[in-house]
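So the structure is just underneath, and the comments pick up after that.
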Amino acid sequence: MKPVSEIATFVKQAAKDAGFELAGIAPVAEFSELSRFPEWIAAGHAGEMQYLEKRDEAGNLKRASLRSAVPWARSVIVCTINYNTAHPYSTEVQDPDRGWISRYAWSNEDYHEAVLRRLRVVEDRLRKVTSETAALQTLCYVDTGPLVERVYAKYAGVGWIGKNTCILNQQMGSWLFLGVIICSLELTPDFPAPDRCGTCTRCIDACPTDALIAPYQLDSNRCISYLTIEKRGDIPEEIREGTGRHVFGCDICQDVCPWNRKAPSTRADEFQPRQGLVNPALEWLAQMTTEEFRDTFRGSPIRRTKRAGLRRNAVVAMGNSGNRRFAPVLEELAADEDPVVAEHAKWAVRKLASS
Ligand code: SF4
Ligand code: SF4
């Protein structure tokens, strides 16, 4: 059994051994960024993402206070792994036949599982080294925990929160998956990462839908990632043009970030792209059958938008492509049995005709 003072160093080394590039420890505290979370929810900026609005019995937002959501929590071990691969950025690709899937979703395996598997290895080593500490409690999460992970990542020193709201690291850039282990031990915390955005506003200026309503503030209702992944039913007509050729997520505010210019590539095999997902053919996506969707995206994060959402996004992208070759297919899709696909295809026909 190691003294608690040495466990922080041990666990960060264990994270590196498990394949994480960065790891740090944050204390559990009422950080100023968390006090802004309830205002952000109250302003409606979370859109329809009700999981962000889960509340405890007293009616407080769970994600706003880890202390009240998990009373025994004393530290958060934050681990990050790079998912970047050596492929062009969306801002470098202009092919009117093809759409864009967000870089994180190209992977062979759903990142939730790939990250969680590594977190379990770290958790296991932590348990072994503290085996005489009967009181040790831990919880591992990838996206699903009762905390705002990027705030803890900042205070664990792994990166600062950029004006685009992503975690940025000076050496690694922002193509990072985050995993956390909530821990009952009071481990020695790291220092928070300093903000290195400076006077830069490239992400805010480049966002095609003005979703970054102020530095560090995102309105999900305007964000292409939210609209193409989380939003069910209609994409509001006034914002469809701004979504461009994005069919699942959006990378623009990361692609333009100077800290990503020299972002290294991942060492993890699971994050290599599946065939066909880098710049996917729009016609293929719009006409995908149920079986093809199931087979193509088995174990992929793209399942989240479901076949209906992906087809809706693909027809909007075809309308925005300016590619008149799509007109006959879109006219057929305007009579699709899915009324949402049909309505968006009718819009796309009009959009193409006017382009
Ligand atoms: S992901 Fe795209 S739409 Fe969302 S804030 Fe970034 S650039 Fe804007
Ligand atoms: S583009 Fe500039 S302002 Fe935006 S996150 Fe990167 S460094 Fe910060």
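Tabulated data for the structure shown
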| item | result |
| --- | --- |
| Matching helices (runs of 4 or more DSSP H) fully within segment 21-80 where at least 2 residues are closer than 25 Å to S174 by Cβ | 32-35, 37-42 |
| Filter result (more than 17 Å from L168 (Cβ to Cβ) and touching a Phe, Trp or Tyr at 6+ places or on another chain (Cβ under 9 Å)) within segment 266-281 | A268, E270, F271, Q272, P273, R274, G276, L277, V278, N279, P280 |
| Qualifying helices (runs of 4 or more DSSP H) (wholly inside segment 294-354; at least 2 residues being under 14 Å from R240 (Cα atoms)) | 306-320, 339-353 |
| Which numbered condition A135 misses (of (1) among the small types (G, A, S); (2) surrounded by 21 or more Cβ atoms within 10 Å (Cβ to Cβ); (3) not in a helix (DSSP H, G or I)) | (2) |
| When residues of segment 258-287 are limited to those that are more than 16 Å from ligand 2 (Cβ to nearest atom) and assigned to a helix (DSSP H, G or I), the one surrounded by the fewest Cβ atoms within 10 Å (Cβ to Cβ) | D269 |
| Residue list for segment 190-209, restricted to those being out of contact with any Gly (no Cβ under 7 Å at 6 or more places or on another chain), more than 30 Å from F10 (Cα to Cα) and more than 8 Å from ligand 1 (Cβ to nearest atom) | G198, T199, C200, T201, R202, I204, D205 |
| Test result for L187, in a loop (DSSP other than H, G, I, E, B), touching a Lys or Arg at 6+ places or on another chain (Cβ under 9 Å) and touching a residue at least 40 places away in the same chain (Cβ under 8 Å) | yes |
| Complete set of residues in segment 201-249 that are outside any helix (DSSP H, G or I), within 14 Å of ligand 2 (Cβ to nearest atom) and crowded, with 17+ Cβ neighbours inside 10 Å | C207, A211, L212, L218 |
| Identity of the residue in segment 54-70, of a type in the set (D, E, K, R) and farther than 20 Å from V180 by Cβ, that ends up surrounded by the most Cβ atoms within 10 Å (Cβ to Cβ) | R55 |
| Residue match in segment 284-302 (condition: touching an Asp or Glu at 6+ places or on another chain (Cβ under 9 Å) and of a type in the set (D, E)) | no |
| Residue, nearest to the chain's Cα centre (by Cα), within segment 134-180, restricted to residues that are more than 16 Å from ligand 2 (Cβ to nearest atom) and small (G, A, S) | G179 |
| In segment 141-173, the residues that are surrounded by fewer than 22 Cβ atoms within 10 Å (Cβ to Cβ), among the polar types (S, T, N, Q) and modelled with pLDDT of 95 or more | T165, Q170, Q171 |
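The values are calculated or read from the model by the stated rules, or taken from the named source; none is laboratory data. These figures come from a predicted structure and were not determined experimentally. Note that we place each Cβ from the backbone using ideal geometry, even for glycine, and neighbour counts take in every protein chain shown.
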